[in-house]
1. Under a straight-distance cross-link criterion of Cα-Cα below 17 Å, which lysines are reachable from Lys275, leaving out those fewer than 8 residues away in the same chain?
2. Which of the aspartates and glutamates could be linked to Lys421 by a straight reach, that is with a Cα gap under 14 Å, when you skip same-chain ones fewer than 8 residues away?
3. Extent of the stretch 395-444 along each principal axis, from alpha carbon coordinates, in Å, largest to smallest?
4. Residue by residue, what Karplus-based ³J(HN,Hα) values in Hz, rounded to whole numbers, does the stretch 59-65 have, using 6.51, -1.76 and 1.60 with θ = phi - 60° and x for Gly and Pro?
5. Express the Stokes-Einstein translational diffusion coefficient of the stretch 1-140 in µm² s⁻¹, to the nearest whole number, given a Kirkwood radius over alpha-carbon pairs, 4 °C and a viscosity of 1.567 mPa s.
6. Restricting to DSSP H runs of at least four residues, report the calculated mean residue ellipticity at 222 nm for the chain, -39500 (n - 2.57) per run over all residues, nearest 500 deg cm²/dmol.
7. Among the listed pairs Lys52/Lys141; Lys238/Lys272; Lys253/Lys292; Lys12/Lys490; Lys292/Lys343; Lys95/Lys417, give every one whose C-alpha distance is greater than 22 Å.
8. Please report the net charge: other residues with Cβ closer than 12 Å to the Cβ of Gly84, K and R +1, D and E -1.
Amino acid sequence: MFWSRSLIPTMKETPEGAEIPSHILMLRAGLVSQVMAGAYTYLPLGLRALKKAEQIVRRGMDAAGAVEVLMPALTPIGLFEQSGRIHAFGDVLIKFEVKRQNRKVQMALGPTHEETITDLVAHQISSYRQMPITMYQIQTKFRNEERPRFGVLRTSEFLMKDAYSFDATLDGLNKSYETMYAAYRRIFAHCGLDYLAVEAESGPIGGDASHEFMALADNGEDTVLYCQDCGYAANQEKAEIGCRDLVLPDVPKQPLQSVPTPGAATIEQVTKFLKCPAQQMIKTLIYVADGKPIAVLLRGDHEANEGKVRRAAGAAKVEMADPAVILQVTGAPVGFAGPVGLKQPIPIYADREIEKIANGVTGANAAETHFTGVNYGRDFQATAFADLRNAVDGDPCPRCSSKLAVRHAIEIGHVFKLGTKYSDALSARFLDQSEQLKPIIMGCYGIGVNRIIAALIETCHDDNGIIWPLTLAPYEVLLSPVKVTDPATKEATERLYSELTAAGIEVLADDRDVRAGVKFKDADLIGIPLRVVIGERGLKEGKLEMKWRWAKQAEMIDLAGAARTIADLVIDERKENQRFRERSHE
Ligand SMILES: [Zn+2]
């Protein structure tokens, strides 16, 4: 491709509203153009990179024995009613009504396709002999995103690979899951991504049944906890906390005292008002667990983890209590709950740190009032102590004696053992070897294809632009003739272009009649891995200048046989992005 024939609208300035490097660089390098908030047109360079990612994913799935299908984005609303997800999704599901002759038909744009594929399988699979089977598609998905941000990372419309495995036994499911897990590792490695596979909430099957693949990025919206020593990694929702060595501070116990705190209800307001640290506060949250109110106590600087609260309470579902329930249970408006003198006797679950807070501060179950000098045992009791909070940086690792570190990340993939949730709801059953009718056991496996591109750019760029690995780059080689009006330069460029193209190399030639400085700046910005400069002086000496995007130094190669030299390098680099992966050690 010649630059002048393509559409590559590069920009010098940071576009308005773009906050993070991947968003800024995708706009500046002319990969995408915004249509409206959260909706982008992929321009030629962006689409080529996206197609590369798609192809790596497709090859990885095919190699793992999965078969490709294509389901419609349009989904009859009835399927979401049958699975119950119409309520679970709420406004995230894009629903609408269309007219079909004299009928009105309700439908939705698929946010994922569990329902559609389970319905397919319910009709097409009836015997254990037809399994195991894993089917996948690469399709546009829709989820109404109320706050689109961060370019293509958070949009309402995105390209996703979703796969579904169908097995007759739990053992079979475990095998299908492991196959997908291994395929994901190969796919993301082939994309040149620095990723971590982390444990995630496992849902109905329990145990080791869900992993997220995370690209580590400072601007990532996800938080993962990671142990450098033993390799334990989990997302914040799931991360356990190891044994906490807690000691009660050796200070005299103060008397319990009620103090007025007018206008101070939040932890921040109270700590300011009473001049006490947040670690001194006993935060009291009222939840409703399976319809019954419970109190949850946490140190003021900690965040509750709903999954842990749910497990501690032995409940199927927990949610924050509404103000009416809080008033009923505590006798006070929101912000003044505390374990001392609750109006109703409800179970109190306390995080492990609570026992070791001496002379704590907590709500007094009366408006505008707090207690100081609160001590466990003397002033209140707990129904049970448990790990109820999100892990934080420096917490003990649950698997070894080391500490957990917090890392930010972008979720790029997810593997999940579904079990029989959908096959039960949509009657997908099969006859086993003993002619028994059983629900099919499912797994689901997603990859955000656009996110591969954004995560790569987020983690692989410098001040000048994108640094693509060869496997994802829109083009593999960029030819940069310095002076296109010079006949010898033009001839050499065109010859090199046709020889490389004939060798199957993807080449972009910058044939624009612009200053060399502009070309080099744009070359760094769009980040094509191998740049070849064709200059008048070099040509006279029979030389070309060649440089990998990530290398500090350019090297000179002979003009004679240059196409072969370059093609060999590219073909070698295609295999494992070897030079790209070693770039930081240069
Ligand atoms: Zn560890």
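Each value in this text was obtained by applying a stated rule to the coordinates, not by laboratory testing. Quantities reported herein were computed from a predicted structural model and do not represent experimental measurements. FYI the Cβ positions are ideal-geometry reconstructions off the backbone, even for glycines, and counts take in every protein chain you see.
1. Excluding near neighbours in sequence, the set is Lys283.
2. Glu81, Glu114, Glu115, Asp119, Asp167
3. Here the Cα extents, ordered largest to smallest, are 52, 26, 16 Å.
4. Coupling constants for the stretch 59-65: 4, x, 6, 4, 5, 8, x Hz.
5. It comes out at roughly 69 µm²/s.
6. Mean residue ellipticity, 222 nm, calculated: -8000 deg cm²/dmol.
7. As for pairs spanning more than 22 Å Cα to Cα, those are Lys238/Lys272; Lys253/Lys292; Lys12/Lys490; Lys95/Lys417.
8. Taking every other residue near Gly84 into account, the sum is -2.
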